[in-house]
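Note sheet for the following structure.
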2 protein chains.
Amino acid sequence: MSARQRVTLESVAAHAKVSRQTVSNAINAPDVVKPETLTRVLESIAELGYQPSRAARQLRTRRSQILGYSLRPVPADAHGTIGDRFVHGLARAAQQRGYRIMLFASGNDEEEILQYDELLSGADLDGFVLTNTHHGDPRIAWLAERDVPFVTFGRPWGNADATHPWVDVDGAAGTAAATRHLHELGHTRIAYLGWPHGSGVGDDRRTGWSDVMAELGLPADGRWQETTENATEPARDAAATLLRRVSPGAVVCVSDSVALGVIRAAEAQGRRLAVTGFDDSAVALLAGMTTLAQPVTESAQRALALVLRDIGVDTVGPASRHEILAPQLVVRDTSIPPDPLPRTVGS
Amino acid sequence: MSARQRVTLESVAAHAKVSRQTVSNAINAPDVVKPETLTRVLESIAELGYQPSRAARQLRTRRSQILGYSLRPVPADAHGTIGDRFVHGLARAAQQRGYRIMLFASGNDEEEILQYDELLSGADLDGFVLTNTHHGDPRIAWLAERDVPFVTFGRPWGNADATHPWVDVDGAAGTAAATRHLHELGHTRIAYLGWPHGSGVGDDRRTGWSDVMAELGLPADGRWQETTENATEPARDAAATLLRRVSPGAVVCVSDSVALGVIRAAEAQGRRLAVTGFDDSAVALLAGMTTLAQPVTESAQRALALVLRDIGVDTVGPASRHEILAPQLVVRDTSIPPDPLPRTVGS
DNA sequence: GACAACTGTTTGAACGATCCAATCCGACGA
DNA sequence: TCGTCGGATTGGATCGTTCAAACAGTTGTC
């Protein structure tokens, strides 16, 4: 009920019989305070339950200890929880380091840049975490130009000399693992269904398949691949073509949605087919689909560490400025040994 | 490159040839400023691109213009985008009103309350938005006791005299609409598969079905319902029992996951069955499932308006302190007319 | 013994906004 | 002409922290 008096540096100082600044030092630069004074001050802080006012600190230091994270409208057909889990991991990692995540909404890159401007001058945000970066992303240029600390979840495709820190999942390693897995099961006729050429992520994932196929001396030319947009219906049609053309025993897919299309096509043609997806979405779980789980939480933690380093929070050793994390193969029912007679079509 | 001087109240005042306070008034209380002075000041603000320092304002007023939103770990089998879309709607609605959303992570109610305490004293948050409230939620008691403004997405089940503002989706209206829809298609043997008794949301949705059935003079006793936890596998087993017991022509389900279990059970038994789900998740879209779409974005907007009113941002007329929004029926393929001979168990 | 160097602590000023009290100014009435 | 009134505007104090410089106390050096 009664509004208790706010605990401030001054009141802690009085309680510990030192000055404001010494209490401040005890928090921000403990090494300059005499050990016995330090313990006395820390006791007072604990006893009074003191918490520094972020506003006052921010006003003086021009640092908010807050990072910005932009939300885009959620597409209607989204079934992933990747975004969800990434934000959660980010928020948790941040608050362990005394930082917080502030959200803002934007519809496109330009709008988002306007928000950057507003948040930097008005709210003194210390940095940003970007997702869904793309080729020639204007947000990256804007931030880099102003020396604003930021990190991207997703590597800068087609811009090898980008200097900002980033974290990404190794798509090629993922499809490579899936391809090897299918080969170990006995498959030799392994096709690939991916996104249209030109997207960094899609091309990367295709590479994993084609490299392993080459390594194994198995065919992976144009006849063994097909492309489709990232939805189940179009994927079904593309898969139907692919199945008729090379009659594969297994298909590595660029995503769970696409993989589901392949499964539907196989059912329609009455074929027995091994399929792998990518993302480990809820759909994959429901379909009992073998897929690749992205290390989302770990990505968030690494991303946070990278941007905090640029902000200057910890000046630990010169580790790499980017991280590539391998996804994990989740084996379920849809990766099955091949038919004894691979050539046989249908029931 | 060169760090341009920050635009402050003082510099705007100098530019407009008035005093600090007049500029402040132009922003916070335009009606006390003489019109011609006002326009002059506003022009200066626009010209210099002035933005008030949130830190300074917060230090003085003890208001941050920030609302807290807690994230819980995302369950592995989650396939909904409801949480995602709610946060997005919240962030967008907030920033239209000059507010921002700050995230924090917590694992349980107690941990979340500790975060409240920290955020209130350290960061001066103006209020909170809670989701996933439950019976006897300690968070609600804690916040209410301290007169902290907050709103919940989800009504206070079993606590009719709760006084805090809330927003919720009308589950009963949803299942009622589904039931009527099935009846209009010609169904009369309509069963229900729900969650175990005792959960507010689950019981509410069941009510919608049973009320309409009673209204239509159709049977809805215990034989026509079954319960299951919210996952596809258990739902399939429960559905199998239900189908054998009353041989329904249609089943209204408490969620999309459960509905998918019913579809699987019907396939296994070779039955033709109309099914409706709840939530309009990606799974429903993929399965071509008739379901109920929750007005998530609108809920977020209303929730924001309610909590801002308690904070005292707008003192508009005395509207209601809670809102119940109706979900929308999304008709797809799984709501089908009944067999000509409902008793026939098809091949 | 005087001065310098160093350690640990304290004091005053500043960050940029709002609150509060005081002042200005033109109009109006006596 | 002067005092009064009320709305518009001004200057000073304040919020709680950190920065920069000054201060006392001890030790070391020639």
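Residue selection: B:Ala13 satisfies the criterion of being at pLDDT below 95, hydrophobic (A, V, I, L, M, F, W, C) and either touching a helix residue (DSSP H, G or I) at 6+ places or on another chain (Cβ under 7 Å) or away from DNA strand C (no atom under 14 Å from the Cβ) (or both). Filtering segment B:80-126 to residues that are in contact (Cβ under 8 Å) with a residue 40 or more places away in the chain, within 18 Å of B:Trp142 (Cα to Cα) and more than 7 Å from chain A (Cβ to nearest Cβ) leaves B:Glu112, B:Gln115, B:Tyr116, B:Leu119, B:Leu125, B:Asp126. Within segment A:102-127, the set of residues being among the hydrophobic types (A, V, I, L, M, F, W, C) and under 19 Å from B:Leu67 (Cα atoms) comprises A:Met102, A:Leu103, A:Phe104, A:Ala105, A:Leu119, A:Leu120, A:Ala123, A:Leu125.
For A:Val169, are the conditions met, namely being within 21 Å of the chain's Cα centre (by Cα) and modelled with pLDDT of 95 or more?
Details: within 21 Å of the chain's Cα centre (by Cα): yes; modelled with pLDDT of 95 or more: yes.
Answer is yes for this residue.
Restricting to segment A:51-79, and then to whatever is within 7 Å of chain B (Cβ to nearest Cβ), part of a loop (DSSP other than H, G, I, E, B) and without any contact (Cβ under 8 Å) to a residue 12 or more places away in the chain, can you tell me which residue is farthest from B:Leu90 (Cα to Cα)? Per the stated criteria, the residue is A:Ala78. Screening A:Thr290, A:Thr241 for residues that are hydroxyl-bearing (Ser, Thr, Tyr) and surrounded by fewer than 19 Cβ atoms within 10 Å (Cβ to Cβ) leaves exactly one candidate, A:Thr241. For B:Val246, are the conditions met, namely being buried (at least 19 other Cβ atoms within 10 Å of the Cβ), of a type outside the set (Asp, Glu) and either modelled with pLDDT of 95 or more or in contact with an Asp or Glu (Cβ under 7 Å, 6 or more places away or on another chain) (or both)? Spelling it out, it is not the case that B:Val246 is buried (at least 19 other Cβ atoms within 10 Å of the Cβ), of a type outside the set (Asp, Glu) and either modelled with pLDDT of 95 or more or in contact with an Asp or Glu (Cβ under 7 Å, 6 or more places away or on another chain) (or both). When segment B:15-50 is limited to residues that are under 38 Å from the mean Cα position of the chain (by Cα) and of a type in the set (Ser, Thr, Tyr), the one that is farthest from the other protein chains (Cβ to nearest Cβ) turns out to be B:Ser24.
Looking only at segment B:64-82, decide whether some residue is among the polar types (S, T, N, Q), at pLDDT 95 or above, surrounded by 18 or more Cβ atoms within 10 Å (Cβ to Cβ) and within 16 Å of DNA strand C (Cβ to nearest atom).
Looking for residues that are among the polar types (S, T, N, Q), at pLDDT 95 or above, surrounded by 18 or more Cβ atoms within 10 Å (Cβ to Cβ) and within 16 Å of DNA strand C (Cβ to nearest atom), one finds at least one in segment B:64-82, hence yes.
Answer yes or no as to whether B:Asp211 is assigned to a helix (DSSP H, G or I), touching a His at 6+ places or on another chain (Cβ under 7 Å), surrounded by fewer than 19 Cβ atoms within 10 Å (Cβ to Cβ) and not polar (S, T, N, Q). Judged against the criteria, B:Asp211 is not a match. Out of the residues in segment B:214-238 meeting the condition of being in contact with a Lys or Arg (Cβ under 9 Å, 6 or more places away or on another chain) and aliphatic (A, V, I, L, M), tell me which one is surrounded by the most Cβ atoms within 10 Å (Cβ to Cβ). For segment B:214-238, the residue satisfying everything is B:Ala235. Beta carbons closer than 8 Å, at least 6 apart along the sequence or on distinct chains, pair a first residue in segment A:216-244 that is farther than 16 Å from A:Ala178 by Cβ and without any contact (Cβ under 8 Å) to a residue 60 or more places away in the chain with a second that is surrounded by fewer than 19 Cβ atoms within 10 Å (Cβ to Cβ) and of a type in the set (A, V, I, L, M) for A:Arg223/A:Val246; A:Arg236/A:Ala268; A:Ala240/A:Ala268.
Screening A:Phe150 against (1) aromatic (Phe, Trp, Tyr); (2) under 30 Å from B:Glu111 (Cα atoms); (3) surrounded by fewer than 22 Cβ atoms within 10 Å (Cβ to Cβ) leaves a single unmet condition, (3). Take B:Gly49 and decide whether it is over 23 Å from B:Asp124 (Cα atoms) and assigned by TED's automatic domain parsing to the domain that holds B:Arg302. So B:Gly49 does not fit the description; no. Being more than 30 Å from B:Leu292 (Cα to Cα) and crowded, with 20+ Cβ neighbours inside 10 Å is a property that B:Pro165 lacks.
To keep it simple, each residue is scored yes or no on (1) away from chain A (no Cβ under 12 Å); (2) in contact with a Gly (Cβ under 7 Å, 6 or more places away or on another chain); (3) in contact (Cβ under 8 Å) with a residue 24 or more places away in the chain.
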| residue | (1), (2), (3) |
| --- | --- |
| B:Ala250 | yes, no, yes |
| B:Asp256 | no, yes, yes |
| B:Ala266 | yes, no, yes |
| B:Thr276 | yes, no, yes |
| B:Thr291 | yes, yes, yes |
| B:Ala300 | no, yes, yes |
| B:Ala303 | yes, no, yes |
| B:His322 | yes, no, yes |
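Within segment A:93-105, is there a residue that is surrounded by 21 or more Cβ atoms within 10 Å (Cβ to Cβ), within 11 Å of DNA strand C (Cβ to nearest atom) and part of a helix (DSSP H, G or I)? There is no residue in segment A:93-105 that is surrounded by 21 or more Cβ atoms within 10 Å (Cβ to Cβ), within 11 Å of DNA strand C (Cβ to nearest atom) and part of a helix (DSSP H, G or I).
For segment A:51-63, name all the residues that are among the aliphatic types (A, V, I, L, M) and either buried (at least 18 other Cβ atoms within 10 Å of the Cβ) or more than 8 Å from DNA strand D (Cβ to nearest atom) (or both). Within segment A:51-63, A:Ala55, A:Leu59 meet the criteria. Against the condition out of contact with any His (no Cβ under 6 Å at 6 or more places or on another chain) and under 23 Å from B:Gly198 (Cβ atoms), how does B:Val258 come out, does it pass? The answer is yes for B:Val258. In segment B:286-306, the qualifying residues are those that are assigned to a helix (DSSP H, G or I) and hydrophobic (A, V, I, L, M, F, W, C), and the one that is nearest to B:Ala172 (Cα to Cα) is B:Val296.
Rundown of residues vs (1) within 11 Å of DNA strand D (Cβ to nearest atom); (2) in contact (Cβ under 8 Å) with a residue 12 or more places away in the chain; (3) surrounded by fewer than 18 Cβ atoms within 10 Å (Cβ to Cβ), yes/no style:
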{"site": "A:Thr8", "(1), (2), (3)": "yes, yes, yes"}
{"site": "A:Ser11", "(1), (2), (3)": "yes, yes, yes"}
{"site": "A:Ser19", "(1), (2), (3)": "yes, no, yes"}
{"site": "A:Asn25", "(1), (2), (3)": "yes, no, no"}
{"site": "A:Pro35", "(1), (2), (3)": "no, no, yes"}
{"site": "A:Ile45", "(1), (2), (3)": "yes, yes, no"}
{"site": "A:Gly49", "(1), (2), (3)": "no, yes, yes"}
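If you go through segment A:19-35 and keep only what is out of contact with any helix residue (DSSP H, G or I) (no Cβ under 7 Å at 6 or more places or on another chain) and more than 7 Å from DNA strand C (Cβ to nearest atom), you end up with A:Ile27, A:Asn28, A:Ala29, A:Asp31, A:Pro35.
Residues in segment B:178-194 that are of a type in the set (A, V, I, L, M, F, W, C) and surrounded by fewer than 19 Cβ atoms within 10 Å (Cβ to Cβ): B:Leu185 alone. Flag: B:Ala160 matches the condition of being more than 14 Å from chain A (Cβ to nearest Cβ) and assigned to a loop (DSSP other than H, G, I, E, B). Considered as a group, the residues in segment A:271-285 that are assigned to a helix (DSSP H, G or I) and touching a helix residue (DSSP H, G or I) at 6+ places or on another chain (Cβ under 6 Å) include one that is surrounded by the most Cβ atoms within 10 Å (Cβ to Cβ), and that residue is A:Ala284.
The values are calculated or read from the model by the stated rules, or taken from the named source; none is laboratory data. Since the model is a prediction, treat every value here as computed from it, not as a measurement. When we count neighbours, we look across all protein chains shown, and the Cβ atoms used for this are built from the backbone with ideal geometry, even at glycine.
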